[in-house]
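Working notes, beginning with the structure itself.
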Amino acid sequence: MVKTDLCICPIFHWTVPRIKARMAMCFMAFSLVHFLGHRLSGSKNCLSPERIQEALLNWPCTILRDEKTDKRYVLSTKPTKEVESMYKATGVTMATTTDRLEKGRSRGKGVTT
């Protein structure tokens, strides 16, 4: 674990609750990336925290909104082998179809509204 992986600079936050919330979110992301790296360390797809972040950021998905009903749907592209290995390592089922997003609920695959 490298301490430079944790970026917690509270940019644009001036109140104590917002600074604490930002630090908590940054630490959660830091912990999840290192947990995922640990889960992948035993496989042939061992990835650094930087590579995990890059692979997830470069895996595009589109959120579509039906103008008549105001319902939202997520449409993912074919994942890379790295992203597939991350899903497999965590035991999370990857969506293979367009999923409806419900307001305030996770769709079970990492996307919330």
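The values are calculated or read from the model by the stated rules, or taken from the named source; none is laboratory data. Note that the structure is a prediction, hence the values are computed from the model and not measured. Neighbour counts run over all protein chains shown; Cβ positions are idealised from the backbone, glycine included.
Give 54, 67 a once-over and let me know the one that is outside any loop (DSSP other than H, G, I, E, B) and at pLDDT 85 or above.
54
How many residues does the stretch 23-49 contain that are of a type outside the set (Lys, Arg) and touching a residue at least 24 places away in the same chain (Cβ under 8 Å)? Please lay out each step first, then the result.
Residues of the stretch 23-49 that are of a type outside the set (Lys, Arg), as a first pass: 23-38, 40-43, 45-49.
Within this subset, residues satisfying the condition of being touching a residue at least 24 places away in the same chain (Cβ under 8 Å) are 30, 33-34, 36, 40, 43, 45, 47, 49.
Adding up the residues that qualify gives 9.
Which members of the stretch 52-103 meet the condition of being more than 30 Å from residue 42 (Cβ to Cβ) and polar (S, T, N, Q)?
Result: 62, 69, 97, 98.
If you take the residues in the stretch 36-57 that are over 22 Å from residue 76 (Cβ atoms) and not polar (S, T, N, Q), which one is surrounded by the fewest Cβ atoms within 10 Å (Cβ to Cβ)?
Top of the filtered list is 44.
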